[in-house]
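A short reminder: the numbers here are calculations on the coordinates, not readings from a lab. In this text, all values refer to a predicted model and were calculated from it rather than measured experimentally. Quick reminder, even Gly has a Cβ in these numbers, built from the backbone with ideal geometry, and neighbours come from all protein chains shown.
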Amino acid sequence: MAERKRTAGFKRHGGYKVPTGGVAAMRRAADELADADIRMMGDRVPRHAAPETLPQPAFQCNDPDTRLHVGDCRDILPRLPDQGQADLVFADPPFNWEVPYEGWSDGMPRDAYERFTFDWLDACVEMLSLKGSLWVNIGDDTAAEVVMHLKRRGLHMMNWCVWHFRFGQNRRSSFILSKAHALYFVRDPLRRIWNPDPILEPSDRANVYRDDRTMVKRRDKGMRVPLDVWYGPYWGRVQGNNKERRSKHHNQLPEPYLERVIRACSRPGGLVVDPFCGSGTAATVARALGRRSISIEQSKAHAKDAWERITKVGMIQKKPKKSRK
């Protein structure tokens, strides 16, 4: 039997009440879990000890201030003078899937990998301003641990988004992997930086289903904030024939992914931090959008290549000027 909507006494267009929903439930859970005694494998491994001194950035330029450090983010983040000042921290860490990264072991024992994860997460949390957001791009097997650790640190989860791509490694042993998790956490849901206008997109209700309800809204007629599953043109994995592709890097996120996050969760002139620079996508997009940035890369060779992209190549998938906000 189909569910019947309650329509009596509600003024919302369409005649039914919106339930409190998952976001409010996640906020309540964050408040309760901060005091819970949650134990995970990584807790039995000693914390990483950062050195006392901070080396100068390997690369730096101005207008806007853009810095790239070479080294372990667990050593560098705690020593940065910008503690508590980041609008946004975006992290795309190694997944521990035995990718042959230069100068990095991507096949740690599970407890060591979890401790590594908790250590860099803690350093990222300390970089956030009171209005700041932390985004983590992570695979299936560590998403739950990231969520639980950030909740026990007292952060609030705003969204558990999914980056969906159509090109995955072919296999017959299980369903083909075609996603990564984009976890969106904030210090304070009520004070966070949130800019929906620059990321609005055409609504399926208006464009596909011709639903008049979306056209009677007081604002954003026919438009919506994006769904929490992300896909579309230029949103796939960056392959060899893509203009964004940097040949020296094993994994590379598409520019539209970072553009959405940076536009939504930072301000022009604000600080964006990327503890795992890789090919430099976050800093490239941040610089194109007028944000300051601090990036960290383990490999000196990768850092040099990323810096060329950040400062000389720039952002490839730019929106037309007339659609920018």
If I model a spin label at LEU227 and ASP65 as a point 7 Å from the Cα along the Cα→Cβ vector, what separation in nanometres do I get?
4.1
Among ILE316, MET148, ALA306, whose Cα projects farthest towards the positive end of the dipole of the stretch 63-323, with charges put on the beta-carbon of Lys, Arg (+1) and Asp, Glu (-1)?
ILE316
Partners for LYS131 among aspartates and glutamates (Cα-Cα distance below 16 Å; same-chain residues under 8 apart left out):
ASP82, ASP87, ASP188
Fewest first, what order do PHE118, PHE175 take by the number of other Cβ atoms within 10 Å?
PHE175, PHE118
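What ranking of PHE90, PHE167 emerges when the number of other C-beta atoms within 10 Å of each C-beta is taken as an exposure proxy, fewest first?
The most exposed by this proxy come first: PHE167, PHE90.
How long is the gain from GLU201 to ARG47 if the chain were fully straight, where each residue apart is worth 0.36 nm and the alpha carbon distance is subtracted?
Computed gain between GLU201 and ARG47 is 51.1 nm.
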PRE reach from GLU102 (point 7 Å along Cα→Cβ): which of the stretch 252-289 fall under 14 Å by backbone N?
277-280
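Rank these for me by crowding, ILE294, ILE199, going from fewest to most other beta carbons within 10 Å.
So the ranking, lowest neighbour count to highest, is ILE199, ILE294.
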At q = 0.09, 0.12, 0.16, 0.17 Å⁻¹, what is the base-10 log of I(q)/I(0) for the stretch 63-323 according to the Debye formula with one equal point scatterer per Cα and no solvent? Please give it to two decimals.
-0.40, -0.72, -1.32, -1.49
